[in-house]
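Visitor: Right, I'll just put the structure down here and ask away after.
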């Protein structure tokens, strides 16, 4: 499985992606700016994120925003923390399935901030880190993971059947 994941992981860095969209809801750091980032060339954007396919994360972003507000209102509420962890895990899995591994790693790490015992997040983060190291790729420091690739809409940027059939890491239950 590791070798096939390494093959899938290594093959994702050269897909062109058009860049220009507000990524405020997809930032990785708390309190990040909501300003539009400057446009970048497609290969540079794809390589900086680690490659993969751009996907629409808006439903995940909305779930995270809602759960974050609830967790901010009730910071000691385990249910609110669990809901936020679950929202991050859902986006992480979608990003993983779109082969945006570095970005997914950030959401797996955020999942573990709110639910340190989450086995799916632990396993997927460990697998991504292991594969990156085996391939000689730099592992982003926590909080330094890239934002998701900008999604432009339309059928061309929806995950294809081949993306859905890529070898998954651990699945959430």
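Visitor: So, residue 76, is that one farther than 23 Å from residue 136 by Cβ and at pLDDT below 95 or not?
Guide: Yes, satisfied.
Visitor: Another question, if that's okay. So how many residues does the stretch 95-136 have that are outside any helix (DSSP H, G or I) and crowded, with 22+ Cβ neighbours inside 10 Å?
Guide: 3
Visitor: Here's something else I'd like to know. Could you tell me how many of the residues in the stretch 138-154 are over 21 Å from residue 54 (Cα atoms) and over 16 Å from the mean Cα position of the chain (by Cα)?
Guide: Residues meeting the conditions: 1.
The values are calculated or read from the model by the stated rules, or taken from the named source; none is laboratory data. None of these values were measured; they are calculated from a predicted model. Cβ coordinates were reconstructed from backbone atoms using ideal geometry, including for glycine residues, and neighbour counts include every protein chain displayed.
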